[in-house]
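Notes follow the structure.
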Amino acid sequence: DTAVSQTPKYLVTQMGNDKSIKCEQNLGHDTMYWYKQDSKKFLKIMFSYNNKELIINETVPNRFSPKSPDKAHLNLHINSLELGDSAVYFCASSQQGQGLEKLFFGSGTQLSVL
Amino acid sequence: RKEVEQDPGPFNVPEGATVAFNCTYSNSASQSFFWYRQDCRKEPKLLMSVYSSGNEDGRFTAQLNRASQYISLLIRDSKLSDSATYLCVVIGNTGGFKTIFGAGTRLFVKA
(Lines give C-alpha, C1' and ligand atoms only; values in the text may rest on other atoms or scores of the structure.)
Protein backbone atom coordinates (compact mmCIF):
# COMPACT_ATOMS: atom_id res chain seq x y z
CA ASP A 1 0.00 0.00 0.00
CA THR A 2 1.30 3.41 -0.95
CA ALA A 3 1.65 5.57 2.17
CA VAL A 4 1.43 8.96 0.42
CA SER A 5 -0.16 8.96 -2.99
CA GLN A 6 -0.61 11.88 -5.32
CA THR A 7 -2.23 12.19 -8.72
CA PRO A 8 -1.61 12.79 -11.49
CA LYS A 9 2.03 11.80 -11.93
CA TYR A 10 2.38 13.96 -15.03
CA LEU A 11 0.46 17.08 -15.93
CA VAL A 12 0.99 18.96 -19.18
CA THR A 13 -1.13 22.03 -19.75
CA GLN A 14 -1.31 25.40 -21.42
CA MET A 15 -0.63 28.75 -19.78
CA GLY A 16 -3.71 30.27 -18.24
CA ASN A 17 -5.40 26.98 -17.44
CA ASP A 18 -6.53 25.88 -13.97
CA LYS A 19 -5.41 22.49 -12.65
CA SER A 20 -5.52 20.45 -9.47
CA ILE A 21 -3.22 17.90 -7.89
CA LYS A 22 -4.60 15.50 -5.31
CA CYS A 23 -2.83 13.95 -2.36
CA GLU A 24 -3.83 11.33 0.17
CA GLN A 25 -1.94 9.71 3.03
CA ASN A 26 -2.89 6.54 4.91
CA LEU A 27 -0.32 6.87 7.67
CA GLY A 28 -2.61 8.58 10.15
CA HIS A 29 -0.34 11.62 10.24
CA ASP A 30 -1.60 14.98 11.47
CA THR A 31 0.39 17.17 9.13
CA MET A 32 0.55 17.37 5.36
CA TYR A 33 2.66 19.53 3.07
CA TRP A 34 3.14 20.67 -0.46
CA TYR A 35 6.70 21.13 -1.71
CA LYS A 36 7.92 22.47 -5.01
CA GLN A 37 11.15 21.26 -6.60
CA ASP A 38 12.29 23.48 -9.43
CA SER A 39 14.77 22.87 -12.23
CA LYS A 40 17.66 23.68 -9.89
CA LYS A 41 16.46 20.87 -7.63
CA PHE A 42 15.70 23.09 -4.63
CA LEU A 43 12.92 21.61 -2.53
CA LYS A 44 10.89 24.45 -1.07
CA ILE A 45 7.92 24.20 1.20
CA MET A 46 4.76 25.85 -0.08
CA PHE A 47 2.11 24.95 2.45
CA SER A 48 1.68 22.97 5.61
CA TYR A 49 -1.61 21.84 7.13
CA ASN A 50 -2.09 20.37 10.57
CA ASN A 51 -5.42 18.67 11.18
CA LYS A 52 -6.98 20.51 8.25
CA GLU A 53 -5.71 23.91 9.39
CA LEU A 54 -3.19 25.97 7.45
CA ILE A 55 -0.05 26.51 9.53
CA ILE A 56 2.55 27.47 6.93
CA ASN A 57 2.11 29.53 3.79
CA GLU A 58 5.50 30.36 2.36
CA THR A 59 5.04 33.40 0.13
CA VAL A 60 3.21 31.47 -2.53
CA PRO A 61 1.14 33.39 -5.11
CA ASN A 62 -2.59 33.54 -4.48
CA ARG A 63 -3.06 31.48 -7.61
CA PHE A 64 -2.13 28.47 -5.49
CA SER A 65 -4.89 27.36 -3.17
CA PRO A 66 -4.54 24.28 -0.99
CA LYS A 67 -7.60 22.53 0.34
CA SER A 68 -7.72 19.96 3.09
CA PRO A 69 -11.14 18.29 3.38
CA ASP A 70 -9.83 16.03 6.14
CA LYS A 71 -6.46 15.33 7.70
CA ALA A 72 -5.74 12.51 5.25
CA HIS A 73 -6.11 14.69 2.16
CA LEU A 74 -4.43 17.83 0.94
CA ASN A 75 -5.18 18.96 -2.59
CA LEU A 76 -3.50 21.76 -4.50
CA HIS A 77 -5.41 23.89 -6.97
CA ILE A 78 -3.54 26.24 -9.26
CA ASN A 79 -5.30 29.00 -11.18
CA SER A 80 -4.04 30.79 -14.29
CA LEU A 81 -0.96 28.62 -14.71
CA GLU A 82 2.27 30.35 -15.72
CA LEU A 83 5.43 29.06 -17.36
CA GLY A 84 7.30 29.50 -14.08
CA ASP A 85 4.98 27.05 -12.37
CA SER A 86 6.64 24.20 -14.26
CA ALA A 87 8.27 22.01 -11.61
CA VAL A 88 7.83 18.80 -9.68
CA TYR A 89 5.32 19.13 -6.85
CA PHE A 90 5.66 16.76 -3.92
CA CYS A 91 3.07 16.08 -1.30
CA ALA A 92 4.35 14.90 2.07
CA SER A 93 3.10 14.03 5.52
CA SER A 94 4.54 13.79 9.00
CA GLN A 95 3.53 13.28 12.60
CA GLN A 96 4.37 16.57 14.31
CA GLY A 97 5.97 16.97 17.65
CA GLN A 98 8.76 15.61 19.79
CA GLY A 99 11.23 15.19 16.97
CA LEU A 100 8.95 12.99 14.94
CA GLU A 101 9.02 15.29 11.96
CA LYS A 102 10.24 12.70 9.50
CA LEU A 103 8.65 13.38 6.18
CA PHE A 104 7.08 10.80 3.94
CA PHE A 105 6.78 11.97 0.36
CA GLY A 106 4.48 11.10 -2.48
CA SER A 107 6.08 10.18 -5.79
CA GLY A 108 5.66 13.68 -7.19
CA THR A 109 3.68 15.39 -9.94
CA GLN A 110 5.69 16.68 -12.87
CA LEU A 111 3.88 19.81 -14.04
CA SER A 112 4.80 21.23 -17.43
CA VAL A 113 3.20 24.50 -18.48
CA LEU A 114 3.49 25.22 -22.20
CA ARG B 1 23.70 33.24 3.72
CA LYS B 2 21.40 30.33 2.89
CA GLU B 3 19.68 28.67 5.81
CA VAL B 4 21.08 25.27 4.84
CA GLU B 5 24.11 24.93 2.59
CA GLN B 6 25.61 21.89 0.95
CA ASP B 7 28.38 21.33 -1.55
CA PRO B 8 26.42 20.45 -4.71
CA GLY B 9 29.20 18.17 -6.01
CA PRO B 10 29.09 16.03 -7.98
CA PHE B 11 31.26 13.63 -6.09
CA ASN B 12 32.60 10.92 -8.39
CA VAL B 13 34.04 8.00 -6.46
CA PRO B 14 34.97 4.39 -7.26
CA GLU B 15 33.19 1.47 -5.68
CA GLY B 16 34.53 0.73 -2.24
CA ALA B 17 35.60 4.29 -1.55
CA THR B 18 34.72 6.27 1.54
CA VAL B 19 33.03 9.60 0.90
CA ALA B 20 31.89 12.35 3.25
CA PHE B 21 29.41 15.19 2.82
CA ASN B 22 29.04 18.25 5.00
CA CYS B 23 26.11 20.55 5.50
CA THR B 24 26.03 23.84 7.40
CA TYR B 25 22.99 25.58 8.85
CA SER B 26 22.51 29.17 9.94
CA ASN B 27 19.81 28.94 12.61
CA SER B 28 21.39 28.07 15.93
CA ALA B 29 17.92 27.25 17.31
CA SER B 30 17.55 24.33 14.91
CA GLN B 31 16.39 21.22 16.69
CA SER B 32 16.19 18.22 14.40
CA PHE B 33 18.47 17.08 11.63
CA PHE B 34 18.15 14.45 8.94
CA TRP B 35 19.72 13.13 5.80
CA TYR B 36 17.41 12.24 2.93
CA ARG B 37 18.27 10.47 -0.26
CA GLN B 38 16.72 11.34 -3.61
CA ASP B 39 17.16 9.20 -6.69
CA CYS B 40 16.75 10.75 -10.12
CA ARG B 41 13.10 11.60 -10.83
CA LYS B 42 11.99 10.08 -7.53
CA GLU B 43 10.76 11.41 -4.23
CA PRO B 44 13.14 12.08 -1.33
CA LYS B 45 13.31 9.29 1.23
CA LEU B 46 14.59 9.44 4.77
CA LEU B 47 18.08 7.98 5.06
CA MET B 48 18.78 8.65 8.70
CA SER B 49 18.28 11.02 11.56
CA VAL B 50 21.27 12.86 12.99
CA TYR B 51 21.88 12.99 16.72
CA SER B 52 24.36 14.98 18.79
CA SER B 53 26.05 11.78 19.87
CA GLY B 54 26.45 10.65 16.29
CA ASN B 55 24.76 7.61 14.87
CA GLU B 56 25.58 4.78 12.55
CA ASP B 57 23.45 2.65 10.27
CA GLY B 58 25.47 0.02 8.50
CA ARG B 59 27.87 1.79 6.14
CA PHE B 60 26.41 5.20 6.93
CA THR B 61 27.50 7.43 9.80
CA ALA B 62 25.95 10.81 10.63
CA GLN B 63 27.41 13.41 12.94
CA LEU B 64 26.11 16.70 14.34
CA ASN B 65 28.35 19.52 15.52
CA ARG B 66 26.12 22.12 17.19
CA ALA B 67 28.97 24.45 18.09
CA SER B 68 30.02 24.79 14.45
CA GLN B 69 26.50 24.31 13.13
CA TYR B 70 27.17 21.55 10.68
CA ILE B 71 26.17 17.98 10.09
CA SER B 72 28.00 15.34 8.15
CA LEU B 73 27.32 12.06 6.41
CA LEU B 74 30.01 9.44 5.91
CA ILE B 75 29.50 6.55 3.50
CA ARG B 76 31.96 3.68 3.74
CA ASP B 77 32.53 0.98 1.13
CA SER B 78 30.48 2.83 -1.50
CA LYS B 79 28.19 0.77 -3.71
CA LEU B 80 26.92 1.56 -7.17
CA SER B 81 23.45 1.76 -5.65
CA ASP B 82 24.56 4.64 -3.41
CA SER B 83 24.54 6.92 -6.46
CA ALA B 84 21.92 9.54 -5.67
CA THR B 85 21.47 13.06 -4.35
CA TYR B 86 21.81 13.42 -0.58
CA LEU B 87 19.72 16.14 1.00
CA CYS B 88 20.51 17.72 4.32
CA VAL B 89 17.38 18.65 6.27
CA VAL B 90 17.20 20.96 9.26
CA ILE B 91 14.14 21.62 11.39
CA GLY B 92 13.89 24.67 13.60
CA ASN B 93 11.26 25.64 16.10
CA THR B 94 10.94 29.40 15.87
CA GLY B 95 7.24 30.13 16.10
CA GLY B 96 6.38 26.74 14.64
CA PHE B 97 8.30 23.89 13.12
CA LYS B 98 9.99 24.79 9.86
CA THR B 99 11.69 22.20 7.69
CA ILE B 100 14.51 23.47 5.48
CA PHE B 101 16.09 21.33 2.77
CA GLY B 102 19.57 21.82 1.45
CA ALA B 103 19.97 21.80 -2.32
CA GLY B 104 21.59 18.37 -2.17
CA THR B 105 24.93 16.80 -2.93
CA ARG B 106 25.11 14.60 -5.98
CA LEU B 107 27.07 11.34 -5.64
CA PHE B 108 28.14 9.10 -8.51
CA VAL B 109 29.69 5.76 -7.59
CA LYS B 110 31.48 4.10 -10.50
CA ALA B 111 32.59 0.53 -11.06
Looking only at the range A:97-114, and only at residues there that are more than 8 Å from every other protein chain (Cβ to nearest Cβ) and assigned to a loop (DSSP other than H, G, I, E, B), the one that is modelled with the lowest pLDDT: A:GLN98
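Give me the strands (runs of 3 or more DSSP E) completely within the range B:31-97, filtered to those with at least 1 residues that are farther than 20 Å from A:SER94 by Cα, touching a residue at least 40 places away in the same chain (Cβ under 8 Å) and within 11 Å of another protein chain (Cβ to nearest Cβ), ordered by residue number.
Details: elements: B:45-50, B:55-57, B:60-65, B:70-75, B:84-93.
The strands (runs of 3 or more DSSP E) meeting that bar are B:84-93.
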Among (1) away from every other protein chain (no Cβ under 13 Å); (2) of a type outside the set (Val, Ile, Thr); (3) surrounded by fewer than 13 Cβ atoms within 10 Å (Cβ to Cβ), the one test that A:GLU53 misses: (1)
The range B:61-99: number of residues that are at pLDDT below 95, crowded, with 19+ Cβ neighbours inside 10 Å and of a type in the set (Val, Ile, Thr): 4
For A:TYR33: the one exception among (1) more than 14 Å from chain B (Cβ to nearest Cβ); (2) within 16 Å of B:PRO44 (Cβ to Cβ); (3) not β-branched (Val, Ile, Thr): (1)
Complete set of residues in the range B:1-16 that are among the small types (Gly, Ala, Ser) and surrounded by 15 or more Cβ atoms within 10 Å (Cβ to Cβ): B:GLY9
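Residue by residue, here is whether (1) surrounded by fewer than 19 Cβ atoms within 10 Å (Cβ to Cβ); (2) assigned to a strand (DSSP E or B) holds:
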| site | (1), (2) |
| --- | --- |
| A:VAL12 | yes, yes |
| A:MET15 | yes, no |
| A:MET32 | no, yes |
| A:TYR35 | no, yes |
| A:LYS41 | yes, no |
Complete set of residues in the range A:61-96 that are facing chain B (nearest Cβ under 9 Å) and part of a loop (DSSP other than H, G, I, E, B): A:GLN96
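Given B:ASN22, B:ASN12, which one is assigned to a strand (DSSP E or B), more than 23 Å from A:GLN95 (Cα to Cα) and over 13 Å from the mean Cα position of the chain (by Cα)? Reasoning before the result, please.
Values: B:ASN22 fails: over 13 Å from the mean Cα position of the chain (by Cα).
Residue meeting the stated conditions: B:ASN12.
The values are calculated or read from the model by the stated rules, or taken from the named source; none is laboratory data. Just so you know, these numbers come straight off a predicted model, no measurement behind them. Please note: Cβ atoms are built from the backbone with ideal geometry, for glycine as well, and neighbour counts cover all protein chains shown.
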